[in-house]
Amino acid sequence: MHNRTDCCKLVRFMPLSEMPEREAEFLDETFDVVAVNYTDDGLEEYVCYAPLDFDAQAFDTRVAALSLTLPPYKVETLENKNWLTANVIKFAPYEIGSFMVYGIHEAACPKTDKIPVQVYAATAFGSEHQTTRMCLTALSELHARNFAPKRILDMGTGSGILSIAAAKVWKKAPFIIAADIDPESVEVTHSNAITNDVEQNITALLSDGYNNPMVKNNAPYNLILANILLNPLKAMGNDAYNALKDGGYYLISGFIANQLEDVISCHTALGFKLIKVYEEENWRAALLQK
């Protein structure tokens, strides 16, 4: 885990439907930390953290020289000696399904009869998002049906919360690969797995979709989790189908109500069968089966 103890600049970009690939790569290369928040209408909001000497004019000059198109942005100063802790990881504990989820900033787990899952959200955000809550509900229901997966793939793991929940609800039985394209997410997931005493079950690794050989070599999976976004879900649908064992489940989320028909039709065309749709506010999740 990186230790960042000084103040910083927060560069917040106007939400848009999807950041172009070149622009997203540029932001990742330019800033030490890049987080993506999602508005209730499914737009992406890029929030970047920069040193206090961030030069907006020089930044704009680089953007123009590379012929990039970025949305408008605002710059503010975070006046805090531990800005990462104060501004990124805190969220209220909550119970959902079989689980009690609480942050690393809590002194102890709140009193509960649920399975405790403690996470350091850091820049791998999403631990309290509606999509995460729906996925945790679905995992709880799968467990209640006596489904017992031996191999699980968590594609786009973020903070690793779904991998950790799966390892705990199935009592450390599954072998889980937690893959993400973001190195920070991989680091956070590994740290959270240690915190929850499930590091022996979870292998966190860097992967652009299904391209890491370890992701391919450990297929087929009994369960694949993908709490990402509409376009990556559609792009990776065929890979997910091929990596899933016959009869296995594919839990997807990260899309909103008016995208549901599109994402379901795309996956049923590949051979998936729709089992259930989950709804929370404007967000949706779907449980599919091969």
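The values are calculated or read from the model by the stated rules, or taken from the named source; none is laboratory data. Quick caveat: nothing in here was measured; it's all calculated off a predicted structure. Cβ placement follows ideal geometry from the backbone for every residue including glycine, while neighbour counts extend to all protein chains displayed. Accessible surface is based on the protein model in full, side chains and every heavy atom, while ligands, DNA and RNA are left aside. Shrake-Rupley method; radii C 1.70, N 1.55, O 1.52, S 1.80 Å.
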_the range 142-160 - residue that is open to solvent by 10 Å² or more (accessible area, probe 1.4 Å) and in a helix (DSSP H, G or I) and, of those, nearest to E184 (Cα to Cα)_ = H143
*Enumeration of residues in the range 35-47 that are surrounded by 18 or more Cβ atoms within 10 Å (Cβ to Cβ) and either over 17 Å from V188 (Cβ atoms) or among the acidic types (D, E) (or both)*: Y38, G42, Y46
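Yes/no matrix, rows are residues, columns are (1) touching a Lys or Arg at 6+ places or on another chain (Cβ under 8 Å); (2) at pLDDT 80 or above; (3) under 15 Å from A193 (Cβ atoms); (4) among the hydroxyl-bearing types (S, T, Y):
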| residue | (1), (2), (3), (4) |
| --- | --- |
| T85 | no, no, no, yes |
| I89 | no, no, no, no |
| Y94 | yes, yes, no, yes |
| T112 | no, yes, no, yes |
| T123 | no, no, no, yes |
| E128 | no, no, no, no |
*Meets criteria (out of contact with any helix residue (DSSP H, G or I) (no Cβ under 7 Å at 6 or more places or on another chain), at pLDDT 90 or above and either part of a strand (DSSP E or B) or of a type in the set (V, I, T) (or both)) for V11*: yes
_If I filter the range 244-263 down to residues being open to solvent by 40 Å² or more (accessible area, probe 1.4 Å) and part of a strand (DSSP E or B), which single residue comes out as nearest to V215 (Cα to Cα)?_
K245
*Which residues, taken from the range 164-192, are within 19 Å of Q289 (Cα to Cα) and in a helix (DSSP H, G or I)?*
A166
*Any idea which residue in the range 8-50 is nearest to L68 (Cα to Cα), counting only those that are touching a Cys at 6+ places or on another chain (Cβ under 8 Å) and of a type in the set (F, W, Y)?*
F13
*Looking at (1) of a type outside the set (D, E, K, R); (2) more than 18 Å from Q130 (Cβ to Cβ); (3) surrounded by fewer than 16 Cβ atoms within 10 Å (Cβ to Cβ), which is the only condition H267 fails?*
(3)
*Look at the range 212-243 and say how many of its residues are of a type in the set (S, T, Y) and surrounded by fewer than 17 Cβ atoms within 10 Å (Cβ to Cβ).*
0
